[in-house]
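First up is the structure itself, then whatever we jot down about it.
Read the figures in this text as sums done on the coordinates, not as results from a lab. Everything numeric in this text was worked out from a predicted model, so none of it was measured. Neighbour counts run over all protein chains shown; Cβ positions are idealised from the backbone, glycine included.
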There are 2 protein chains.
Amino acid sequence: MGNKNISMAVIRRLPKYYRYLGDLLDRDIQRISSKELSDIIGFTASQIRQDLNNFGGFGQQGYGYNVDALHKEIGKILGLDTKYNAVLIGAGNLGQAIANYSGFRKAGFEIKALFDANPRMIGLKIRDFEILDSEDIEEFIKENDVDIAIMCIPKKGSQELADRLVNAGIKGIWNFVPVDLDVPESVIVENVNLTESLFTLSYLMKAED
Amino acid sequence: MGNKNISMAVIRRLPKYYRYLGDLLDRDIQRISSKELSDIIGFTASQIRQDLNNFGGFGQQGYGYNVDALHKEIGKILGLDTKYNAVLIGAGNLGQAIANYSGFRKAGFEIKALFDANPRMIGLKIRDFEILDSEDIEEFIKENDVDIAIMCIPKKGSQELADRLVNAGIKGIWNFVPVDLDVPESVIVENVNLTESLFTLSYLMKAED
């Protein structure tokens, strides 16, 4: 595959298109113009046409977009029809919340196991998962064809863990640790930095005063 | 206050500066050049000088930056020295994880109460908080000078809740619901959209194949 020339800005908008198109389908709306889509998403109609043209352009002059076809197509572009095996490391509060997160199925991700380094956590059951010992993670990744690791551990030791994951052959990391992980270019890292988001909120609140 | 002319791109980089400067302080490093800062943060030295110039420019020719002073100053710009009262709505898995999140204190946010609409949750204790009935949220906001609401509820009913919060005088929303809330311009909304992040990871994994 690889639409490697698509800018990250466009890519980051795709999930939003996908979400709004899904909402339209829920309301049984089957056809929409770029102008109408613009009204609900808040991007300009020209931006929408330009974004979607990156992927071949699904609109027809005078008809607009077929909502279902566009939704399916963007889903494919996002790789939601591709299945990935995932493990989650760090079964604390946040890790448990993430493990229970219903969005994984939609994205084609299947969590295969939870890991923790704390002896008091190892062996506990969270929903369908027994928490396994972090020591065994490399072996598990290799034996179960795990593609993605979700990191929910504290900052300390996170780079060392990332190194171990990379050595075990992991291809992507969904990283909740507030650290910029140093990994080979071929390994995808997507960060969710709650502190940065909270600090941005704090800044905007103060600026509004 | 209000550095309203600063672009969101610059603002979104500030928490990162703050984090790296904090790491330097932890390692007792008191002085750093924009070149050295560039090496560890990964922005260019010229970008760093330009970013920090937006706020008055803290560097001195031939000396570089005083790490502690710059850290403190960025903290002030981010409003981390300003105290805000917060409530969290939706005490499910994610809500509980967020409620336990240690970053709030650093950002000057104090969670005053948790709310849930589920009768089976109301009255339960999560750490220091008894879960209160969502019905009572407007009254609580007004009586306790609450500035910020953290929304961790399902999609359905989220706009109605946002309307109630706005009417009760809330000034900011940290929104974990995958919905673009419609609020007056004076109300700050900062979104954390886990699904969008996950879909981006999925896209990048597929593009790498």
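Taking each label point as 7 Å beyond Cα in the direction of the beta carbon, state the distances from residue A:76 to the same residue in the other copies, shortest first, in nm.
Nearest first, the other copies' label points are 5.7 nm away.
Select from A:92, A:157, A:108 the residue whose mean-square fluctuation is largest in a Gaussian network model of chain A (Cα-Cα springs shorter than 10 Å).
Highest fluctuation among the options: A:157.
In cubic angstrom, how much convex hull volume per residue do the alpha carbon atoms of the protein assembly as shown span?
Considering the Cα atoms of the protein assembly as shown, their hull volume per residue is 161 Å³.
Which Cα, out of B:192, B:96, B:173, lies furthest along the positive dipole direction of region B:84-196 (beta carbon charges, K/R +1, D/E -1)?
So the residue furthest toward the plus end is B:96.
For the protein assembly as shown, with only Lys/Arg (+1) and Asp/Glu (-1) charged at the beta-carbon, what is the dipole magnitude about the Cα centre, in debye rounded to 20?
So the dipole magnitude of the protein assembly as shown works out to roughly 680 debye.
Rounded, prolate or oblate, given the Cα gyration tensor of region A:126-193, with a/c below 1.5 counting as rounded? Can you show the working numbers first?
Details: a/c = 1.63, a/b = 1.22, b/c = 1.33.
Oblate, since a/c reaches 1.5 and b/c is not below a/b.
Treating the beta-carbon of each Lys and Arg as +1 and of each Asp and Glu as -1, no other charges, what is the dipole magnitude of region A:40-110 about its Cα centre, to the nearest 20 debye?
60
Other chains near A:184-197: what is the mean number of their Cβ atoms within 10 Å of each residue's Cβ?
5
Find the chain B residue whose Cβ sits closest to the rotation axis that carries B onto A, and give that distance in whole Å.
Closest Cβ to the B-to-A rotation axis, residue and whole-Å distance: B:97, 2.
At 7 Å along the Cα-to-beta-carbon direction for both residue B:81 and residue A:76, put a label point, then send me their distance in nm to one decimal.
Each label point lies 7 Å from its Cα, and together they span 5.7 nm.
Where the label is 7 Å out from Cα toward Cβ, how close does residue A:35 come to the same position in every other copy, in nm, shortest first?
Relative to the other copies, residue A:35 has label-point distances of 5.8 nm.
What is the distance in Å between the Cα centroid of region A:117-131 and that of region B:139-155?
Between the Cα centre of region A:117-131 and that of region B:139-155, the gap is 33 Å.
Do any of A:16/B:206; A:16/B:156; A:171/B:16; A:16/B:155; B:16/B:72; B:76/B:142 go past 23 Å between their Cα atoms, and which?
A:171/B:16; B:76/B:142
Would you mind calculating the relative contact order of region A:8-77 from Cα pairs under 8 angstrom and at least 6 residues apart, reporting the percent as a whole number?
Details: 56 pairs, mean separation 29.2, N = 70.
Worked out over region A:8-77, it gives 42 percent.
Say R0 is 51 Å: what FRET efficiency, to the nearest 0.05, do residue B:159 and residue A:168 get from their beta-carbon distance?
0.70
Using the Kirkwood radius over Cα pairs, work out the Stokes-Einstein diffusion coefficient for chain A at 10 °C and 1.306 mPa s, in µm²/s as a whole number.
Taking Rh from Cα pairs, D becomes 82 µm²/s.
Distances from residue B:143 to the same residue in each other copy, label points 7 Å out along Cα→Cβ, in nm, shortest first?
The projected label point of residue B:143 is separated from its counterparts by 5.6 nm.
Please give the average number of partner chain Cβ atoms lying within 10 Å of the Cβ of each residue in A:172-183, rounded to a whole number.
That works out to 2 on average.
With θ taken as phi - 60° and the coefficients 6.51, -1.76 and 1.60, list the Karplus ³J(HN,Hα) couplings across region B:110-120 in order, rounded to whole Hz; mark glycine and proline as x.
Each residue of region B:110-120 in turn: 10, 6, 9, 6, 10, 10, 8, 8, 7, x, 6 Hz.
Can you pull the percent of Cα pairs in region A:8-77 with separation above 13 Å?
The calculated P(r) of region A:8-77 puts 61 percent of pairs beyond 13 Å.
Take the alpha-carbon centre of region B:6-51, take the same for region B:182-209, and report the distance between them in whole Å.
Here the answer is 25 Å between Cα centres.
Inside 10 Å of the C-beta atoms of A:93-104, what's the mean count of C-beta atoms belonging to other chains? Before the final figure, lay out the partial values.
Values: counts 10, 7, 1, 4, 10, 5, 1, 4, 5, 2, 8, 3.
Averaged over the peptide's residues, the number is 5.
Measuring from a point 7 Å past the Cα of residue A:40 along Cα-to-C-beta, which residues in region B:178-202 have an amide N at less than 17 Å?
B:178-182
May I ask you to order A:75-85, B:119-129 by the average number of other C-beta atoms within 10 Å around their residues, highest value first?
Details: A:75-85: 18.6, B:119-129: 12.8.
Listed from highest to lowest mean packing, they are A:75-85, B:119-129.
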